[in-house]
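Report on the following structure.
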Amino acid sequence: MSKIDSRIPEGPLALKWTHYKEHQKLVNPANKRKIDIIVVGTGLAGGSAAASLGELGFNVKVFCIQDSPRRAHSIAAQGGINAAKNYPNDGDTIYRLFYDTVKGGDYRGRESNTYRLAENSNSIIDQCVAQGVPFAREYSGYLATRSFGGAQVSRTFYARGQTGQQLLLGAYGALSKEIKRGSVKLFTRREMLDLVVMKDGRARGIIVRNLFTGEIERHSAHAVLLATGGYGNLFFLSTNAMTSNGSAAWRAYKRGAYFANPCYVQIHPTCIPVHGDYQSKLTLMSESLRNDGRIWVPKKIEDAEKVRKGELKAKDIAEENRDYYLERRYPAFGNLVPRDVASRAAKERCDAGFGVGPTGLAVFLDFKEAIGRLGKSVIEARYGNLFQMYEKIVDDDPYQTPMMIYPAIHYTMGGLWVDYELQSTIPGLFVGGEANFSDHGANRLGASALMQGLSDGYFILPYTMQNYLADQISVGHISTDTSEFDEAEKAVNERIEKLLSIKGTETVDSIHKRLGRIMWDHVGMARNKEGLEEGIKLIRVLREEFWKNVRVPGSNKGVNIELEKALRVADFLELGELMARDALHRNESAGGHFREEYQTPEGEALRDDKDFMYVAAWEYAGDDKEPVLNKEPLVYENIEVKTRNYKTS
Amino acid sequence: MDLKLKVWRQASPADQGKFVDYQVHDISPDTSFLEMFDILNDELVEKGEDPVAFDHDCREGICGMCSMFINGHPHGPEKATTTCQLHMRKFKDGDTIVVEPWRAKPFPVIKDLIVDRSAFDLIIQEGGYVSATTGGVPDANAIPINKENADLAMDAAACIGCGACVAACKNASAMLFVSAKVSQFALLPQGKVEAKERVKKMVAKMDELGFGNCTNTYACEAECPKEISITNIARMNRQFIGAKLS
């Protein structure tokens, strides 16, 4: 029997989660004290889960890679968090949020999970307000909202352009409270390098490296939760933080957890364009800017050429000579189409020769009309910090001249496969937040990542992990002195020694940059069969070169940042191949996965629901063997599956 | 641009440490300060030398991880800017740039430019939160909050916990950091219930960890990359006195 059992509860969609909670198993308060839980990652999902599990009385050990749990990359989320509160009275409901999310995901997400996400959305806002998260408010004193892509209602709650920061500090506060209380023990500057799975198949621990001392540590627990984020940094240049990586998930995959839909990568349409070889990361300009900014390129190709050469400025181009291509192509949603649609449209215009900026790989995001209509002070109040950040990086004033933006790697919808309980195919290994695959299908809508992280952490995992742990109360303390721990630690040490012993000539970053280039060119915004096959070959060649010729100076003692990076890039070199392989097998276009062979005459993504309406869950079979494809069929009982239409309402 | 760097190198917490001179060449003015360090480190690795260890993560000015003391200023010369958002166009060709770690007793140096800021976590753990547990809270719109206070709370909550205020202060005082968190909750009805205990415990912890007192030099406000206002310290002092008297 395949291990793919999504364990979706019986009953009507709107009652499944209630039904689950009514019938799940619980652990009584005295027994919770006998149970240890490991949480890896302190972003929105990990931080909120660790705090909530601690409040319930479990012994929680939480691990983060930075010097403080407050610095996880959730902190960088700008625009907002969705909830179906319907405070503006504009027709929102839980069903509508669910529907928009499934449609935005191009009908490739699991219906029951997405519904539960929408159902939890309102409780998240309540929880965060109770914690003192300073959401934006109207003069009435009530909460303000704004609109995001893929929605026709105003359901996005926000704290200026720092919503992720404020929500994360809320979760960090809750976590700090539990650390003080003694229910949660904090381990900072630790990076997970392997998962420990016992002979009975259960996940029982992790191997981490102390990034200060270099020591390899063993930690055991009755269950492990990974909330380690996405793998966007595979591309080298992305909007992710520098230490964001895919290693925890990849190590779990190599220990038997299935990896689902790795090819679904989100390319965010509004980022500051690439400007040089030395560049280390890309910076996002929040999607919220599309509420008031209008995206355009010159209508005449000769104007575009002059703009690129610096002979013509945006303001010199008359209104009738501007092509507001999103408003032209998608009249119903205009500038607020979903991210995948907006990114592809920008690429289409630039590829056709209408791009601006020195490289021709940029489009204008223009606030002139909004400033004229609302005044500069209103725009400043809404987006001031984003405008400031843009000016610092680009050295240009967006109040005066339009911003220039281009798509960049931002988020990974793919991740470890989980069932309805967010449990992977390894019993006792749970996965939350961006690290799992479950709620966004092939494309995530804006302001839904924060929603998912907190829904998983505050309101799902404390229930589902308890259901798993209910029969673990008599197991007793899990020893780290076992052959499984020995084996895992030995494998980690061997990997480190091997990396340190190569002493080649290429730096880790130079190989990582080359990997990123291969991924962007062959497994990026537009993919095709030949390109993907070529990409796989190139990744393999590069992987071989890495293991022969990488230079990692220093030793395993103390701080060794090159070693940290090398361990991550080694895993990216494997994960990249799986991503390309997944993209190659999926002979359709869906959401963030666009195959050039599968498009409509108008250039829109063309799905193949007959053959590809499933989750592709890849199973590791050995380093020298091809991974096995397992399929979880997607069944839509509550939504009519259609071609996504953002042209008419 | 060609630049001369004087960088603090310290192999371990126990090592005495010293400045080491480096040269970097052909740096684009559009390079960020940390990217300039990436270039330096790439060269050091190629030469088989130990790269300079420094903290950084998001590189968009929000995580609070980066922490370089540049030419006598935490996060360098540009106002309201973290090190990661500082660009080389703010320097001139041929400049000498001195780069040190945060210097404060409660922030011990771990290696080169990396310091240990866990002391900030310990202060927050004393009460830098509202003790609402998950679930069982009222509807978000049940508590209207006037916009002025909500905005002031957000101003205070914008602190990124980088520690520049401590590094800037001759007393290594953490008053701006602590007062930002105390103020956020003092301004919101949700924070009122635990207000007195919060301010007493957080201040006591700050003192216990060895942070100095505030002598009103305003250096913290001037150097804060998020422009956290010194009025938060005044608000915390009022809270503290009120809590002690009651």
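Throughout, read-outs are computed from the coordinates displayed, never taken from laboratory work. These numbers were taken from a predicted model, which means no experiment stands behind them. Cβ placement follows ideal geometry from the backbone for every residue including glycine, while neighbour counts extend to all protein chains displayed.
For the range B:1-70, report the translational diffusion coefficient in µm²/s to the nearest whole number, using Stokes-Einstein at 37 °C, 0.692 mPa s, and a Kirkwood Rh over Cα pairs. Mind showing how you got there, number by number?
Numbers: Rh = 13.4 Å.
D = 246 µm²/s.
Quick one: compute the contact order of the range B:3-111, relative version, from alpha carbon pairs under 8 angstrom and 6+ residues apart, as a percent. All intermediate terms of the calculation are to be shown ahead of the outcome.
Numbers: 172 pairs, mean separation 37.0, N = 109.
Normalised by residue count, the contact order of the range B:3-111 is 34 percent.
In deg cm²/dmol and to the nearest 500, what is the mean residue ellipticity at 222 nm of the protein assembly as shown if only DSSP H runs of at least 4 residues count, each as -39500 (n - 2.57), divided by the residue total? Provide the component values of the computation, followed by the final result.
Values: 28 runs with 324 residues, N = 895.
Taking each H run of at least 4 residues, the total per residue is -11000 deg cm²/dmol.
For the range A:341-447, what is the convex hull volume of the alpha-carbon atoms per residue, in Å³?
Values: hull volume 17.3 nm³, N = 107.
Normalising the Cα hull of the range A:341-447 by residue number yields 162 Å³.
Please compute the Cα-Cα pair-distance distribution of the range A:268-410 with 10 Å bins starting at 0, giving whole percents from short to long.
12, 45, 38, 5, 0
With charges set only on the Cβ (+1 for Lys and Arg, -1 for Asp and Glu), what does the dipole of the range A:511-589 come to about its Cα centre, in debye to the nearest 20? Don't skip to the end; give the middle numbers.
Working: 15 positive and 13 negative charges, 54 e Å.
Value, rounded to 20: 260 debye.
Amide H of A:Y264 versus every other amide H placed in the peptide plane: which residues, excluding those fewer than 5 positions away on the same chain, fall under 5 Å?
Distant-sequence amide H within range of A:Y264: A:G414.
Using 28 Å as the Cα-Cα cut-off, could you pick out the over-long pairs in A:K21/A:K61; A:K177/B:K226; A:K309/B:K79? Spell out each step's value before the answer.
Values: A:K21/A:K61 25 Å; A:K177/B:K226 25 Å; A:K309/B:K79 33 Å.
Going by Cα-Cα distance, A:K309/B:K79 fall outside the 28 Å limit.
For chain A, take the longest principal axis of its alpha carbons; what is the angle in degrees between that and the long axis of helix A:561-585, to the nearest 10 within 0 to 90?
With rounding to tens, the tilt is 70 degrees.
Can you pull the one-decimal nm distance between simple spin-label points at B:K200 and A:N638, each 7 Å off the Cα toward Cβ?
The modelled label-to-label distance comes out at 5.0 nm.
Mind pulling the angle between the C-alpha long axis of helix A:94-104 and the longest principal axis of chain A? Nearest 10 degrees, somewhere in 0 to 90.
Long axis of A:94-104 versus the principal axis of chain A: about 80 degrees.
For A:C128, A:C271, what ranking results if the residue with the fewest other Cβ atoms within 10 Å of its Cβ goes first? Spell out each step's value before the answer.
Numbers: A:C128 28, A:C271 23.
Ranking A:C128, A:C271 by Cβ neighbours within 10 Å, fewest first, gives A:C271, A:C128.
Using a Förster distance of 45 Å, how high is the FRET efficiency between A:H477 and A:D397, based on the Cβ-Cβ distance and rounded to 0.05?
Plugging the Cβ-Cβ distance into 1/(1 + (r/R0)^6) gives 0.15.
Return the Cα extents of the range A:85-231 along principal axes one, two and three, sorted largest first, each rounded to a whole Å.
The Cα atoms of the range A:85-231 stretch 54, 37, 25 Å along the principal axes, largest first.
Fully extended, how many nm does the chain gain between B:H25 and B:E148 (0.36 nm per residue separation, minus their Cα-Cα distance)?
Working: separation 123, 0.36 × 123 = 44.28 nm, distance 4.95 nm.
Extra length from B:H25 to B:E148 when fully extended: 39.3 nm.
Could you name the lysines in cross-link range of A:K625, using Cα to Cα under 28 Å and dropping any fewer than eight places away on the same chain?
Partners found: A:K3, A:K199, A:K254, A:K490, A:K498, A:K513, A:K529, A:K537, A:K548, A:K565.
Please compute the modelled spin-label separation between A:L629 and B:N171, points set 7 Å along Cα→Cβ, answer in nm with one decimal.
In this crude spin-label approximation the distance works out to 6.8 nm.
Considering the Cα trace of the range A:351-406, what is its radius of gyration and what is Dmax, both in angstroms?
Radius of gyration, then largest Cα-Cα span, for the range A:351-406: 12.3, 37 Å.
Scan chain B and hand back the longest stretch that contains none of the trypsin sites (Lys or Arg not before Pro) lying in DSSP loops with at most 14 other Cβ atoms within 10 Å. Show your work: numbers first, answer last.
Values: sites that count: B:K47, B:K79, B:K92, B:R103, B:K170.
Value returned for the longest uninterrupted segment is B:171-246.
Not counting the cut sites, what is the longest span of chain A without GluC sites (Glu not before Pro) that DSSP labels loop and that have at most 10 other Cβ atoms within 10 Å? List each step's numbers first, then the result.
On the way: sites that count: A:E10, A:E311, A:E602, A:E637, A:E640.
By the stated rule (loop sites, at most 10 other Cβ atoms within 10 Å), A:11-310.
Checking the cross-link filter: which lysines have an alpha carbon closer than 21 Å to that of B:K244, excluding same-chain neighbours under 8 positions apart?
Cross-link targets: B:K181, B:K192, B:K196, B:K200, B:K201, B:K205.
If you place +1 on the Cβ of every Lys and Arg, -1 on the Cβ of every Asp and Glu, and leave all else neutral, what size is the dipole of the protein assembly as shown about its Cα centre, to the nearest 20 Debye?
Details: 112 positive and 118 negative charges, 420 e Å.
Roughly 2020 debye for the protein assembly as shown.
Please give me, ordered by residue number, the chymotrypsin sites (Phe, Trp or Tyr not before Pro) of the range A:103-176 that lie in loop per DSSP and have at most 12 other Cβ atoms within 10 Å.
Values: sites: A:Y107, A:Y115, A:F135, A:Y139, A:Y142, A:F148, A:F157, A:Y158, A:Y172; in loops: A:Y107, A:F135, A:Y139, A:Y142, A:F148, A:Y158.
Those satisfying the criteria are A:Y139.
Would you calculate the separation in nanometres between label points at A:E484 and A:T359, each defined as 7 Å from the Cα along the Cα-to-beta-carbon direction?
4.6 nm
Quick check on chain B: what are the equivalent-ellipsoid semi-axes from the Cα gyration tensor, as sqrt(5λ), descending, whole Å? Write down the numbers at each step before the final one.
Numbers: eigenvalues 281, 72, 51 Å².
Ellipsoid semi-axes (Å, largest first): 38, 19, 16.
Sorted from largest down, what three extents in whole angstroms do the Cα atoms of the range A:483-612 have along their principal axes?
58, 37, 22
Starting from the Cα of A:K368, draw a straight line to each of the lysines and keep only those under 22 Å, dropping any in the same chain fewer than 8 residues away.
Answer for A:K368, where 22 Å is the Cα cut-off: A:K299, A:K300, A:K306, A:K313, A:K315, A:K376, A:K392, listed by chain and number.
Projected onto the charge dipole of the range A:483-612 (+1 at Lys/Arg Cβ, -1 at Asp/Glu Cβ, origin at the Cα centre), which of A:G554, A:A566, A:A590 gives the Cα projection farthest towards the positive end?
So the residue we want is A:G554.
Nearest 10 degrees, 0 to 90: what angle lies between the long axis of helix A:483-502 and the longest principal axis of chain A (Cα atoms)?
It works out to around 50 degrees.
With a sphere of radius 10 Å drawn around the Cβ of A:A136, what net charge do the other residues whose Cβ falls strictly inside it have (Lys, Arg +1; Asp, Glu -1)?
Values: positive: A:R137, A:R146, A:R160, A:R382, B:K147; negative: A:E138, B:D151.
Taking every Cβ under 10 Å from that of A:A136, the sum is +3.
Of all the C-alpha pairs in the protein assembly as shown, what % are more than 58 Å from each other?
Values: 12062 of 400065 pairs.
Percent of Cα pairs beyond 58 Å in the protein assembly as shown: 3.
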